[in-house]
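No lab work stands behind these numbers, since they all come straight from the coordinates. Here the structure is a predicted model, which means the values were calculated and not measured. Don't worry about glycine lacking a Cβ; one is built from the backbone with ideal geometry, like all the others, and counts go over all protein chains shown.
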């Protein structure tokens, strides 16, 4: 069976990503602010696709990830570009955070499907090997990154009201956020 470039363009990008030198990045980090910016720059990461819900701010807007805004500002000063991809259904919320963080966003992104990831990379003008995806879920953020050939780091999911599927499958697709004392309440 021969694959054509028609509907299977991501196969070629995956093949290329398997043949390049692997990045020396952690697969997981407890929080966004703990990711070492110098290490990212040394490995030619020039763009970050960032999940919003339960990565930067809890889905119920109760908690803000500790140090995330400062970390993003520091990364921007180092020349790293950002793009938010959110599957969140409340568009006004994504617009608010996009403006607050001064980061363009796509919502709904329909992660893990590659279309939004590719659009974000195109708008940043970067290749998959220059982009890191940071998010809290294996089945959307990490899988989506893999499908387009990007590196990814999974962070702990911020506390939020869990949906039925998260109660059943959460332990396989998310890392729980253990230390609630570490969390910053989000008050506007």
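Observations on the model:
- Note on residue 74 and residue 62: the model spin-label points, each 7 Å out from Cα along the C-beta direction, lie 2.8 nm apart.
- Order of 58, 34 - criterion: other Cβ atoms within 10 Å of each residue's Cβ, fewest first: 34, 58
- Between residue 102 and residue 44, the modelled label-to-label distance comes to 2.8 nm, taking each label 7 Å out from Cα in the direction of the beta carbon.
- Full-stretch length increase - residue 25, residue 122 - with 0.36 nm per residue and alpha-carbon distance subtracted: 32.6 nm
- Take the Cα radius of gyration of the stretch 22-175 and divide it by 2.2 N^0.38 Å, N being the number of residues; the result is 0.94.
- Per-residue extension of 0.36 nm, minus the Cα-Cα distance of residue 90 and residue 37, leaves a gain of 16.0 nm for this segment.
- Reported to the nearest whole Å, the Cα centre-to-centre distance from the stretch 57-78 to the stretch 93-126 is 16.
- Ranked by the mean number of other Cβ atoms within 10 Å of their residues, highest first, the peptides 151-157, 50-56, 123-129 fall in the order 50-56, 151-157, 123-129.
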